[in-house]
């Protein structure tokens, strides 16, 4: 793809290609037609592919996911847009009890190639229920695949891979990065569930995903001025997790810090820390540390900066890891 | 007196909209469609004409008897410890057989966990239904083989799947239709109301078949609704009709009409089959705690099998030989089910890891390998 694309545009192009490549692909969601979605991710697609394939739905999230399941059973490949992270909960049963489990309940006789796109996480000064990081709920549910890109290239190719997957995929889009631009390569260079080393280093490993990758890259750049070489890994896939890439890095650096916006308590970082401790115990120079949101409802936007991990909080954790 | 609904306004070549469907105003009296009285008298209904051959009537009788026998056998097997649980359909045979036999081969049913009679009509092996109640799987049959979806336990969730499937039929330009089964309790669920909305605005070919068996475990229908359930449809813009759920002929005629209405591009229909759950909610339930025996006794007089048999006998449409043959077949079915369940093997524990995903998943694969290694360590005697 020529030139620099925003993540939003890269996603839009991925949806366009998916609609072009497979006549069974349909998009469903609130306001995704004429409006192009509240974030314009589906901009222009209904005009080009028609109301039959880019479907404005009634305002009912359980209904959207539930009917998407029915369409999948009929042989369609629905891509659902949930308008905001905090609006997915009405669809929770349809996602975790129906979508996630139906393939197993049918002993493999049916496939559920449904992609659920959710703009997630904070940092945009939004009102309540528009800034949540609920990845752990979904990652904790066997039967779902959960992925989240951090760059335009990954946004494009991971979405195409997610739609092509025969399993249900929760596709989390870091909404505050929608307008960040980047080069989109001509092909996917990694599998959907591979982690990516986005910055090599030797002194400690920062593990992040989605919106926090950028924060960690900035932290690594700042640390370099102090002579610290931090490796940054973009996890990309939250289930399955590419532990091989993490393990290789952490065994080499001896230190790891996991960074996410979601509350630290029982978040992805808890699982990563536990597994890395098990796998890299004799290589660790410090406990695996975690930086994330607090165990509190996502705060009003005027204080969200205090809630969200930033460069300083990441570097503070790195200092603590290196001090052991 | 005409109801202007979206679905009606869009109606193409209508296969005839019965007058009963117009009784959707607040002052209208609910009309129960009945073609066979509890005494076995065949009565006509102007909106739902039905012609049946003696063979068809005998086949329906056979269905009802065999379905009841299968259900009774399953209850007995639960009492004997062969099944963990059973949800009996006792009393609802006519609603299920009537609607099930109204379906064409290409039509698709989305059941709750009690539609054993519909499964029978779809030619699903009864043993398949028992697997999940025995605990050897969570269903496991191929839904597309007989167009009969897996049982759904979360109340009302399947009505959305049915609606989505029906939306797909419309996209395919096919003339199939879907039945979504649910109960009076489910009518309170958000999913059911969302399914009504989606089906209505997309004009989806789905028939919502509500078996109002009067009880949602211990809660009477009055806990769910203040109006007859079939009238809920008018608020969503499609026809609703209440049918005698213990009358197999009425259920057949009304469902056949509704499916044709839906498949002809006229959108959804709600059927409320007014029936009664003669048994407990499941084998774990104790209805003596919340309902009176007199109520159950009163419904016994409306039994679906008794009335069809009375009709067949009265009209001389079946002889003793026929009834004896059905009874013998019923015994055979009971035997087959009993033996089939008792010889149903437990699955290998690695079933836990099968089909979690359709494509490889690192964590599932890793845990499967760990389990196999752990289990093998016992066989090798290492952990003793």
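Just so it is clear, none of the values below were taken in a lab; they were calculated from the coordinates. A quick note: this is a predicted structure, and the numbers were derived from the prediction, not measured. We place every Cβ from the backbone using ideal geometry, glycine too, and count neighbours over all the protein chains shown.
Over region A:4-183, what is the mean sequence separation of C-alpha contacts under 8 Å (at least six apart), divided by residue count, expressed as relative contact order in percent? Contact order relative to length: 26 percent. Value of Rg to Rh for region A:106-167, rounded to two decimals, is 1.03; Kirkwood radius and Rg both from alpha-carbon coordinates. Grouping the Cα pair distances of the protein assembly as shown into 10 Å bins from zero gives a pair-distance distribution of 3, 14, 22, 21, 17, 12, 7, 3, 1, 0, 0 percent in increasing distance order. For region B:54-110, the orientation-averaged shadow of the C-alpha convex hull comes to 4.8 nm² (one quarter of the hull surface).
Based on alpha carbons, the Rg and Dmax found for region A:1-65 are 11.9, 39 Å.
With a Förster radius of 25 Å, plug the Cβ-Cβ distance of residue A:47 and residue B:264 into 1/(1 + (r/R0)^6) and report the FRET value to the nearest 0.05. My answer for the efficiency is 0.20.
Roughly speaking, what % of Cα-Cα pairs in region A:196-323 are separated by over 19 Å, rounded to a whole number?
Numbers: 3419 of 8128 pairs.
Across region A:196-323, Cα pairs with separations above 19 Å total 42 percent.
Reported to the nearest whole Å, the Cα centre-to-centre distance from region A:183-234 to region A:79-151 is 25.
Taking the centroid of alpha carbons for each part, region A:273-290 and region B:82-105 are 56 Å apart. Placing a label point 7 Å from the Cα of residue A:320 along the Cα-to-Cβ direction, the residues of region A:230-256 whose backbone N falls under 17 Å of that point are A:255-256. Stokes-Einstein diffusion for region B:284-324 at 25 °C, viscosity 0.890 mPa s, with a Kirkwood radius from C-alpha pairs, works out to 196 µm²/s. Among B:288, B:223, B:112, the residue with the largest mean-square fluctuation in a Gaussian network model of chain B, with springs joining Cα atoms closer than 10 Å, is B:288.
The mean count of C-beta atoms from other chains within 10 Å of the C-beta of residues in B:188-195, rounded to a whole number, is 5. Neighbouring Cβ atoms from other chains, within 10 Å of the Cβ of residues in A:106-118, number 4 on average. Taking label positions 7 Å along the Cα-Cβ direction at both residue B:42 and residue B:327, the computed distance is 2.5 nm, reported to one decimal. In region A:16-159, the ratio of gyration radius to Kirkwood radius, Rg to Rh, stands at 0.94 when only Cα atoms are counted.
Translational diffusion coefficient of region B:163-315 (Stokes-Einstein, Kirkwood radius from Cα pairs, 37 °C, 0.692 mPa s): 198 µm²/s. Computed from the Cβ-Cβ distance with R0 of 41 Å, the FRET efficiency linking residue B:350 to residue A:197 stands at 0.75. Using the alpha-carbon positions of region B:250-337, Rg (one decimal) and Dmax (whole number) come out as 18.2, 46 Å.
The three principal axes of the C-alpha atoms in region A:194-244 carry coordinate ranges of 35, 22, 11 Å, sorted with the longest axis first. The calculated FRET efficiency for residue A:181 paired with residue B:123, based on their beta-carbon distance and R0 = 56 Å, is about 0.45. Mean per-residue shielding of peptide A:137-145 is 2, counting Cβ atoms of other chains within 10 Å of each Cβ. Dividing the mean sequence gap of close Cα pairs (under 8 Å, 6+ apart) by how many residues region A:196-323 holds gives a relative contact order of 27 percent.
Each peptide among A:190-196, A:163-169 gets the average number of other Cβ atoms lying within 10 Å of its residues, and from highest to lowest they stand as A:163-169, A:190-196. Label-to-label distance for residue A:275 and residue A:59 is 4.0 nm, based on points extended 7 Å past Cα in the beta-carbon direction.
Across region B:63-126, Cα pairs under 8 Å and at least six residues apart give a relative contact order of 37 percent. The reciprocal of the average 1/r between distinct C-alpha atoms defines the Kirkwood hydrodynamic radius, which for chain A equals 20.0 Å. Here B:322, B:209, A:39 are placed in order of increasing Cβ neighbour count within 10 Å, fewest first, which gives B:322, A:39, B:209. Debye-formula intensities of region B:270-384, expressed as log10 I(q)/I(0) at q = 0.17, 0.19 Å⁻¹, are -1.07, -1.16 (one equal scatterer per alpha-carbon, no solvent).
Extending 7 Å from Cα along the Cβ direction at residue B:379 and again at residue A:38 yields two label points whose distance is 5.5 nm. Summed over all non-identical Cα pairs, the Kirkwood treatment of region A:248-324 gives a radius of 13.1 Å. Residues considered: B:204, B:95, B:293. Largest GNM mean-square fluctuation over chain B, using C-alpha springs under 10 Å, is found at B:293. For chain B, the spherically averaged projection of the C-alpha convex hull amounts to 22.4 nm².
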